[in-house]
Amino acid sequence: MAIAGPDGVDAAIKAGVDLDGTPIPAEMLDLYNEVMELESQRARSGVKKSMRNRIVKTGAKHFDQASLDARLKAAGWDGLKDKEIAFFYG
């Protein structure tokens with residue numbers, strides 16, 4: 001199964017298979033679905049905050065610390081926080 005793009009992993013989970021095509025055990029799928037259902041019911045604090053969190057989490061895989069910090073600031077968000085730097089770049 002070829003997985004790409006932000007929805008690729010969701011498609012694989014929905015199909016119940018890992019990236020190599022092997023089935024995902026039912027117990028893992030059940031727990032994942034339970035947690036995602038709980039998450040879907042959680043009140044949100046704001047779309048821009050969620051966007052920033054996603055950018056930091058994913059951007060840290062693609063940009064060095066200084067670049068991601070500068071790009072966040074240029075877009076109008078706060079730069080990287082100390083705890084984000086420690087977690088993603090430490």
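Figures for the structure shown
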| read-out | value |
| --- | --- |
| Single condition Leu29 does not satisfy, out of (1) touching a Leu at 6+ places or on another chain (Cβ under 6 Å); (2) farther than 25 Å from Tyr89 by Cβ | (1) |
| Pairs with Cβ under 8 Å, 6+ apart, first in region 14-31 and over 17 Å from Ala4 (Cα atoms), second outside any helix (DSSP H, G or I) | Pro23/Gly16; Pro23/Val17; Ile24/Gly16; Ile24/Val17; Ile24/Asp18; Leu29/Gly16 |
| Region 56-75, residues that are of a type in the set (Lys, Arg) and within 22 Å of Gly5 (Cα to Cα) | Lys57, Lys61, Arg71 |
| Where Phe63 falls short, out of the listed (1) touching a helix residue (DSSP H, G or I) at 6+ places or on another chain (Cβ under 9 Å); (2) assigned to a helix (DSSP H, G or I); (3) among the hydrophobic types (A, V, I, L, M, F, W, C) | (2) |
| Sole residue being assigned to a helix (DSSP H, G or I) and surrounded by fewer than 10 Cβ atoms within 10 Å (Cβ to Cβ), chosen from Lys73, Lys83 | Lys83 |
| Filtered residue count, region 42-63, keeping only those that are modelled with pLDDT of 95 or more and exposed (fewer than 10 other Cβ atoms within 10 Å of the Cβ) | 2 |
| Residues located in region 23-51, provided they are hydroxyl-bearing (Ser, Thr, Tyr) and outside any helix (DSSP H, G or I) | Ser45 |
| Subset tally (residues that are touching a residue at least 12 places away in the same chain (Cβ under 8 Å) and more than 12 Å from Asn53 (Cβ to Cβ)) for region 81-90 | 2 |
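The values are calculated or read from the model by the stated rules, or taken from the named source; none is laboratory data. Source: prediction; values computed, not measured. Every residue, glycine as well, gets a Cβ built from its backbone with ideal geometry; the counts of neighbours run over all protein chains shown.
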